[in-house]
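Since the structure comes first, as structure tokens, the remarks are kept for the end.
The values are calculated or read from the model by the stated rules, or taken from the named source; none is laboratory data. These figures come from a predicted structure and were not determined experimentally. Note: ideal-geometry Cβ built from the backbone for every residue, glycine included; neighbour counts use all protein chains shown. Remember, those area values only see protein heavy atoms, side chains included, never the ligands or the DNA or RNA. Shrake-Rupley method; radii C 1.70, N 1.55, O 1.52, S 1.80 Å.
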Amino acid sequence: MSDHANNSDKPLGFDELPDAPPKRKIKLSWPGKIGIAIVLFWSVIVVIGPTIAPYHEADILDEVLFIVPGSDEMYPDTDFQPPSKIVYLGSDYIGRDLLSRILYGARTTIGISVLATLLAYLIGVTAGIAAAVGSRYLDMGLSRVNDALLSIPSIMFALVLIAALDSPGLAWLIVIAGFIYAASVFRISRSLGQEVMVSDFVEAARVRGEGLWWIITREILPNIAMPLATDFGLRFVWVILFISSLSFLGLGVQPPTSDWGSMVKENLPGLVLGSYACLMPAFAIASLTISVNMIVDDISAAAGGKLATKMIS
Amino acid sequence: MSALLEVDNLRISARNDDDDLTPIVKGVSFNVARGEVVALIGESGSGKTTIALSSLGYTKPGLEFVGGEVRLEGEDVITMGADQLRGLRGQRVAYLAQSAAATFNPALTIGEQVTETCVLHGILTQKQADERAEFLYRALELPDPDLLGKRYPHQVSGGQLQRLMAATALCGKPDLLVLDEPTTALDVTTQIEVLKAFKSVIKQEGSAAIYVTHDLSVVAQIADHIVVLYAGETQEYGSAEQVVSHPGHDYTRRLMHAVRPPPAAGQGDETSEGHHRMAPALEVKDLVAGYGKVKDGKPAITVLRDVNVSIERGHSVGVIGESGCGKSTLARVMAGLLPAAQGEVLLDGEPLKPALQQRSRSELQKVQFVFQMADTALNPRQRIDHILGRPLEFYLGLKGKEKRRRVGELLEMVELPQEFAGRYPEELSGGQKQRVNLARALAASPEVLLCDEVISALDSIVGANVIELLKKLRKQTGVSFVFISHDLSTVASFADEIIVLYAGRVVEKGTTDAVLSPPYHPYTRLLISSVPELRVGWLEETMQTQEAQAGIDRVVTLTDKGCPFFDRCPRAIKDTCDQETPPVRMLSGGHAIECHLGEAEFAQ
């Protein structure tokens, strides 16, 4: 024993090998960078859209505007006009400026979706973490209620709620979307929370005698923030599509307020008349949702790709 | 005859995100002749696995060959195309991974998996392969060779699975076997059986092998030649005999020192009597504990029975036993993580509440738990100063400047530089994380420190350094240690007293000297004789002994009556040992052995 101790006291010049990996950084791919640019663009539009719009969203344009100078036409068509100097993206089915409506609609569509997603997160994460750290019975109760909610198709569920509330306003729309999407947020935050809950460092905190609140806020939440951020992006996209689908059915945002989803629906008849009016808002929806997805891909790749499998559920 | 495998100035580099190359293997050369075992030895990060995998023409993702050749019978495998590699892998070169439990598919029978590779490669028909597998089961001394193939992986023990991996690799009669740390995760008693089986089967089959490990005493048993690696460079290359008996390089000597000497009397540290007080620091009385619902004082699965342990102030007590014997459960009961079904835990003579939530903050402070895996025991999202600062704030109410000063002291205590306070755990190496883990427990100024396998996951040199640190801390702080390990040499070099657990019972306890010298409990004797010694030829000698023949690698069974060691014990008395609970025989100096054998018989 003694010679062993003596010998190892002598420094022999071999230090412990550093095996620590360099810190993981989110590396943006080209699609990711484009995605961020587009999302930033739409965020700016949300703020300044109505100010830079040439017309008001509800303005039905005067026929006079469309009279070609020098012609003797008295009553020109104002609906489904092709893009021109007067209406940069053309006009819609009753002669409103599409560009203005898209600029105004950005605020409605994105605003509703962000608020609804935030609400879904507030409800879903709170309940999910409660289920993960709470007693077996609490977990069982919350999970079964959640399963019941998930088993109802979301659009059908929303239709029933909207019918019961008799054409409610925007606030109710946000509540309904938030509530419906809270179910899937619950599932993810519960499973992420459970995984962290059984880790050694949480056990170490429990042995120390830490309270539940400390464990949740200091040990669990920081460790599930990244995957939840990824999920937030995806969930946001789903909510945009959901609100748009409701508006398309005529049950979401009510006219004359513009909203991308209802704009697609309103202008659908234009397709047979050779007008691309319904495609413009569709492109807006696509550009935003695809961009968010491209950003999410980068975050998820940085987190090791393990998230993707969990998100599918 | 030229060598089977020639590795010639091999260089492998890692490419990072910025496309820079970092050399991992820096010009390593060695040869493997037919029928020869060459060991690659080094710490983690030394490139030993990377080199071993290159013989399959494979590098891990992110690594690439930048120079040198790996020739199998004169053919360079690095430049081989995918078609040629397919013929090479599994057929001419076979790879055995570290963890058999993770490698076998639980849904397929053992026979299907053992024969799969050689049937896929078309070397043998299914029938021939089945016969070959059965032959290998016999050669590897596996039980029930005729029926084994029909069983599923969960129905055999860990050591048997490890040997079945060897059968899988050998089934197609490869020229070269690559064994990657095949015994690292095993208990000593299992390890020696697996080593013996590998050695004899390699000899029988006449195949060559590359054996990757960090354990020099294992290498001494099995290798013909040894390549000592450090940071991707060869430090020493020579015959096993020469490297083990006359190490020529500093680093090899350093590795040798890290091998703890075989357990023997006289190793334990002396403890000053000054620490003694009336009541022991921590005492466990008539403990019964386990998992599942407790009914009439009995849990659904009982793990510990009638355990009595007392830890004197300032003493360190080693708890030893094979995996599944209840070592960790004992520590968890002491810490309050698992409430006991019966019996009590006393701190300073005062009974502690069984469950954690009922214990007071100062009681919690006095008993601190050090987790086995530092990787998972530190929150990856907290900086080191937060990790160490929290117990200071929580138990001692330190804040601001005072807290920062104390964090600095703690880092100094565990021999880490001050600037580590600002780092995150993932920026630290394994040994450094374990030091932080220890510092966190010490931050509470505890009376008893429960160390659960704290060095098992570390390399030998790093582990030896941590043991030295623990010894220093014990002298400095006067804290009592409960040191849990499956490695008897580690325990022997650190503890004053040893408790030997088997199937949830304390079979022997006493001072380190008393436990490690006769009289022994038959199980202690088996444990002692299974620890590999750092000399060539030890394995052959040991396998001759009665204990080794009788007791190695059986499934541990918890029995309600009689002695649980009965079916492994070479000296079991029929109709007594299997029927009656063995009496506790008190020998001199508090040395206790739970056995039916009399003192006269122990002495033999």
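A few notes on this one:
- Taken residue by residue and averaged, Cβ atoms of other chains lying within 10 Å of the Cβ of B:427-440 number 2.
- Positive-end extreme of charge dipole, region A:170-313 - chosen from A:Ser300, A:Pro222, A:Asn267 (charges on Cβ): A:Pro222
- The mean number of Cβ atoms from other chains found within 10 Å of a Cβ in peptide A:195-207 is 6, as a whole number.
- Space enclosed by the convex hull of the alpha-carbon atoms of region B:285-358, per residue, Å³: 92
- Expressed as a fraction of 2.2 N^0.38 Å, the C-alpha radius of gyration for chain A is 1.37.
- Region B:321-388 shape via C-alpha gyration tensor axes, a/c threshold 1.5: oblate
- In this Cβ point-charge picture (+1 for Lys and Arg, -1 for Asp and Glu), the protein assembly as shown has a dipole of about 1660 debye about its Cα centre.
- Beta bridges from DSSP with both residues in the protein assembly as shown: antiparallel share about 60 percent, rounded to the nearest 5.
- Within the protein assembly as shown, the proportion of Cα pairs with more than 54 Å between them is 30 percent.
- The overall shape of region B:345-501 is oblate: from the C-alpha gyration tensor, with semi-axes ordered a ≥ b ≥ c, the ratio a/c is 1.5 or greater and a/b is no larger than b/c.
- Calculated over region A:93-249, the projected area of the Cα convex hull averaged across directions stands at 11.0 nm².
- Taking N as the residue count of region B:361-432, its C-alpha radius of gyration divided by 2.2 N^0.38 Å amounts to 1.11.
- Residues of region B:448-484 with amide N under 19 Å of the 7 Å Cα→Cβ point at B:Leu396: B:448-450, B:470, B:472-481
- With Cα atoms, 0 to 90° folded angle of helix B:384-396 axis to chain B main axis: 20
- For region B:1-130, a crude dipole built from +1 on the beta carbon of Lys and Arg and -1 on the beta carbon of Asp and Glu, taken about the Cα centre, is about 320 debye to the nearest 20.
- The accessible-area loss of region B:468-494 on complex formation, taken against its chain alone with a 1.4 Å probe, reaches 40 Å² or more at B:Glu468.
- DSSP assigns beta bridges within chain B; of those with both partners inside it, close to 60 percent run antiparallel.
- Among A:Thr230, B:Thr79, the sequence by solvent-accessible area, most first, with a 1.4 Å probe is B:Thr79, A:Thr230.
- For the protein assembly as shown, with +1 on Lys and Arg beta carbons and -1 on Asp and Glu, the positive-most of B:Ala133, A:Val196, A:Val145 along the dipole: A:Val145
- Shielding by other protein chains, B:371-383, mean Cβ within 10 Å: 4
- Chain B, relative contact order [Cα under 8 Å, separation at least 6], %: 14
- Scaling against 2.2 N^0.38 Å puts the C-alpha radius of gyration of region B:422-553 at 1.22.
- GNM on chain A, alpha-carbon springs under 10 angstrom: the most fluctuating residue among A:Ser262, A:Ser91, A:Ser135 is A:Ser135.
- Degrees separating the helix A:30-52 axis from the principal Cα axis of chain A, which is the longest one: 50
- Loop exposure criterion: trypsin sites (Lys or Arg not before Pro), DSSP state outside H, G, I, E and B, at most 10 other Cβ atoms within 10 Å. Applied to chain B, the longest stretch between such sites is B:1-560.
- 3J(HN,Hα) couplings calculated from phi for region B:238-244 with the Karplus curve 6.51 cos²θ - 1.76 cosθ + 1.60 (θ = phi - 60°) are, in sequence order, x, 6, 4, 3, 5, 5, 6 Hz; Gly and Pro show x.
- Between the exposed loop cleavage positions of chain A, defined as chymotrypsin sites (Phe, Trp or Tyr not before Pro) in a non-H, G, I, E, B DSSP state with at most 15 neighbouring beta-carbon atoms within 10 angstrom, the longest gap is A:89-313.
- Computed 3J(HN,Hα) for region B:20-37, one whole-Hz value per residue from the Karplus formula 6.51 cos²θ - 1.76 cosθ + 1.60 where θ = phi - 60°, is 8, 9, 10, x, 10, 10, 10, x, 9, 10, 6, 10, 10, 8, 4, x, 10, 10, glycine and proline marked x.
- B:Gln235 long-range amide H proximity, modeled H, under 5 Å: B:Val228, B:Leu229, B:Tyr230
- Dimensions of chain B along the principal axes, based on C-alpha atoms and rounded to the nearest Å, stand at 74, 67, 47, largest first.
- Pairwise Cα inverse-distance average, inverted: Kirkwood Rh of region B:31-118 (Å): 15.1
- Principal-axis tilt of helix B:110-120 within chain B, Cα atoms, nearest 10 degrees: 20
- Accessible area of the protein assembly as shown divided out per residue, in Å², using a probe of 1.4 angstrom: 43
- 3J(HN,Hα) along region A:77-92, derived from phi through the Karplus expression 6.51 cos²θ - 1.76 cosθ + 1.60 where θ = phi - 60°, amounts to 5, 10, 7, 6, 7, x, x, 7, 5, 7, 10, 4, 10, x, 10, 9 Hz, with x in place of Gly and Pro.
- Percent of C-alpha pairs per 10 Å bin in region B:453-531, short distances first: 17, 49, 30, 5.
- The average projected area of region A:156-313, computed from the convex hull of its Cα atoms over all directions, is 12.0 nm².
- Amide hydrogen neighbours beyond the local backbone of B:Ile24, cut-off 5 Å, H modeled: B:Ile12, B:Ser13, B:Ala14
- Exceedance of the 22 Å cut-off in Cα-Cα distance is limited, within the set B:Lys403/B:Lys475; B:Lys48/B:Lys173; B:Lys293/B:Lys353; B:Lys327/B:Lys475; B:Lys298/B:Lys574, to B:Lys403/B:Lys475; B:Lys48/B:Lys173; B:Lys327/B:Lys475; B:Lys298/B:Lys574.
- Longest site-free stretch - chain B; sites: GluC sites (Glu not before Pro), DSSP loop, at most 16 other Cβ within 10 Å: B:416-579
- For B:Gly318, the residues whose amide H sits under 5 Å from its own are B:Phe483, B:Asp496, B:Glu497, B:Ile498, B:Ile499, ignoring neighbours fewer than 5 places away on the same chain, with H placed 1.01 Å from N.
- In plain terms, the C-alpha convex hull of region B:187-237 casts an average shadow of 4.0 nm² when viewed from every direction.
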